Amino acid sequence: MAWTRFQVRLLGLTPAAEGQYVAEFRLQGPAPDASPGQFVQLSLPGVFWPRPFSLLDWEVRDGAAHFRILFAVVGEGTRALRSMSAGDLVEGHGPLGLGYPAIEGPTWMIAGGYGVAPLLFALRASAPGAQQSARIFYGAARADLLWRSPELDRFAATLTTMDGSAGRRGTVLDAVRAELDAGGARPVLYACGPMGLLEAVHHLAVERGLRAMVSIETPMPCGMGVCRGCAVPLAAAEATDEKRYVMACEDGPVMDSARVDWEQERACRI
Amino acid sequence: MPDLAPLSISLGPFRLRTPVLLASGCCGYGPELAGCLPMEEIGGFVTKTVTLRPRPGNPPPRVRETAGGMLNSIGLENVGLERFLSEKLPQIRRLPPFRVVSLGGYQASDYAEQAGRLDGQDGFEALELNLSCPNVAQGGLDLGTDPARVREAVRAVRERTGKFLIAKLTPNTQDVVALGRAAEEGGADAVSAINTLVGTGVDWHTRTAMPSPGSGGLSGPAIRPVALAMVWKLSRALQVPVIGIGGIMDARDVLEFVLAGASAVQVGTALFLDPSGARVRAAALRGEMDILRVGSCESLRGNLEKRSTHAPPREALR
Ligand SMILES: Cc1cc2nc3c(=O)[nH]c(=O)nc-3n(C[C@H](O)[C@H](O)[C@H](O)COP(=O)(O)OP(=O)(O)OC[C@H]3O[C@@H](n4cnc5c(N)ncnc54)[C@H](O)[C@@H]3O)c2cc1C
Ligand SMILES: Cc1cc2nc3c(=O)[nH]c(=O)nc-3n(C[C@H](O)[C@H](O)[C@H](O)COP(=O)(O)O)c2cc1C
Ligand code: FES
């Protein structure tokens, strides 16, 4: 089973970093499967559209799917989510979208802010051998904005902050660049974070002749390809007069960064 | 599934399982939602508007959330008539009726040409003419706001098709009844109303007007009272049946439109909140009818009354 309309029970909210929380849910009813990079739509009180959230994990225990998300409080919907209590019910649907491909060979993961969630899921879900060949870089502006998940140690994450208050000083991309310069690695890049970071990852990938898989973020009314609202401009190589856009929700959210016309995307960004 | 008989309703020569159809542009071409919304539990669906040639649609941002609804300027993104015929129609053919193909165009001949190509095809029961494409209007002139051009477009299609013909009306007008009459005169078998209302949002980060063309179509519960008023007016003024559209979120909303005279309704934006359509499917409708003591949809139709404008004489109160 791939998709389901569901009701989930909030099992708990845990503070993760300044303004960020981990929410754990149990899905009532039949449990579908989900993979890293996929997302769920949650209907939150006080806002009209459901809100998309990437899965931090997904596990079927005692016949019920359990999942967690890492979220930042940025507006009305996420404020409402933060104010909920264990036991509260939330409606939604999913899992949705195309996730990250299974790791094969050297893979470097680049996370900005809550973008670390699906990348940790991807790392955890991959075979031990694949985990050996993967690295994760995780950056934020300040130490208090980094979520110190115990898994970061397990995967020997490289942390960065702009002010040097934790890990290396600078952007997460500075760290990736330095590591690429240091050795002869030719990894595939997996990225999730603000659109500006994804664009920078794309340029780095082009510059170094690497492949980058990025998770696109845009408002998503339906999340399943029927409203055509989450259009992303296609790069010239793929665009035609008849097809100039792909849908972030059904052709993504994870897609090869080379498919996107980043200049146009930046002009359209909100 | 509950007993569907009390839910069924007549639309022209057709008997719909329930009054609920899925609105154009909100359910793909139909098959996309069939996996999560059992089509036997609703009355049918209307496809995304198809144009003669494919359209890539508008640049992002195409959508904007608003109080009680949303603005969209999708720009009629669609695969075009050729690919509709070769790829979409075979899938639509496998779904249960009532299946409606929505057609869009810039001039009467665009609609007529498409209707002609579709007339010999089976696998659908009706055509709906999307006469108002506010976000793709060329030169600012929207065909659907001019009764003469509406009459002309409907008539041109009527001459080319034997299919049940629905004219979808725009609310962006002084006089929706004039548009409805024009459609009727042109030979429409039914009218549907309403399409979206023109609106603009503001993005404060960039100080730009939203969505991308600077305005878009408003939909969702925010427009329901406007839609109800127009449907009520149209159903009293026209001979042909009226299909009510606008902000329908649940079974009670469906019944409100039927009470206001609608022979069927369409549900659009609500599908983005719940693509399974649970709140408008047969079971929900049946449940609401029990609560409201409505015997059948058919018997409810058109019974909305105006409140008496005269207060009872004082004597009567004593
Ligand atoms: C596939 C996908 C996965 C996501 N995963 C996560 C996640 O794991 N954790 C998380 O915290 N958030 C995630 N998001 C973003 C999350 O959906 C938004 O932060 C949320 O919708 C904000 O809702 P709100 O009502 O709190 O804020 P709103 O009031 O809706 O918005 C607050 C501000 O953010 C902007 N904004 C809102 N939504 C988006 C968006 N989707 N893209 C760009 N700008 C936006 C608004 O313009 C506004 O400036 C994801 C988004 C997508 C598309
Ligand atoms: C994203 C979106 C796309 C739409 N596309 C079409 C379309 O292609 N053709 C059409 O006739 N109406 C289109 N509509 C209008 C709807 O069919 C409907 O008339 C309108 O949204 C009001 O109903 P609602 O409030 O239930 O959504 C669209 C509406 C939305 C929200
Ligand atoms: S969110 Fe509706 S098509 Fe992507």
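Data for the structure
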{"quantity": "Sites A:Arg266 and B:Glu185, calculated FRET efficiency, Cβ-Cβ separation with R0 51 Å, nearest 0.05", "calculated": "0.50"}
{"quantity": "Fewest-first sequence of A:Tyr190, B:Tyr106, A:Tyr21 by Cβ atoms within 10 Å of each Cβ", "calculated": "B:Tyr106, A:Tyr21, A:Tyr190"}
{"quantity": "Cβ-based exposure ranking for A:Arg135, A:Arg186, A:Arg61, A:Arg9, in which fewest neighbours within 10 Å come first", "calculated": "A:Arg61, A:Arg186, A:Arg9, A:Arg135"}
{"quantity": "Value of relative contact order over chain A, rounded to a whole percent, pairs C-alpha under 8 Å and six or more apart", "calculated": "17"}
{"quantity": "Shielding of B:78-86 by partner chains, average beta-carbon count, 10 Å", "calculated": "1"}
{"quantity": "10 Å Cβ neighbours from other chains, averaged over peptide A:228-235", "calculated": "6"}
{"quantity": "Per-residue ³J(HN,Hα) for the stretch A:151-167, Karplus 6.51 cos²θ - 1.76 cosθ + 1.60, θ = phi - 60°, Hz, x for Gly and Pro", "calculated": "5, 4, 5, 4, 9, 6, 5, 8, 9, 9, 9, 5, 9, x, 6, 7, x"}
{"quantity": "Over chain B: helical MRE at 222 nm, DSSP H runs n ≥ 4 each giving -39500 (n - 2.57), nearest 500", "calculated": "-7500 deg cm²/dmol"}
{"quantity": "Amide N of the stretch B:1-31 lying under 18 Å from the label point, which is placed 7 angstrom from the Cα of B:Asp290 along Cα→Cβ", "calculated": "B:1-8"}
{"quantity": "For B:Val157, net neighbour charge (Lys/Arg +1, Asp/Glu -1) across residues whose Cβ lies under 14 Å away", "calculated": "-1"}
{"quantity": "Pair B:Arg158, A:Leu89: separation of 7 Å Cα→Cβ label points (nm)", "calculated": "5.1"}
{"quantity": "Spacing of the two label points (7 Å from each Cα toward its C-beta) at B:Val202 and A:Ala80, in nm", "calculated": "2.4"}
{"quantity": "For B:Ser86, B:Ser212, B:Ser8, order by how many other beta-carbon atoms lie within 10 Å, fewest first", "calculated": "B:Ser86, B:Ser8, B:Ser212"}
{"quantity": "Fraction of beta bridges assigned by DSSP in the protein assembly as shown that are antiparallel (%, nearest 5)", "calculated": "55"}
{"quantity": "Exercise: per-residue mean of other protein chain Cβ atoms within 10 Å, A:13-25", "calculated": "0"}
{"quantity": "Entries in B:Lys48/B:Lys168; B:Lys233/B:Lys306; B:Lys48/B:Lys233; A:Lys243/B:Lys163 that, when Cα-Cα distance is taken, lie over 22 Å", "calculated": "B:Lys48/B:Lys233; A:Lys243/B:Lys163"}
{"quantity": "Cα convex hull volume per residue for chain B (Å³)", "calculated": "155"}
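Each value in this text was obtained by applying a stated rule to the coordinates, not by laboratory testing. None of the values given here were measured: they were computed from a predicted structure. Cβ sites come from the backbone with ideal geometry, for glycine too, and all protein chains shown count toward neighbours.
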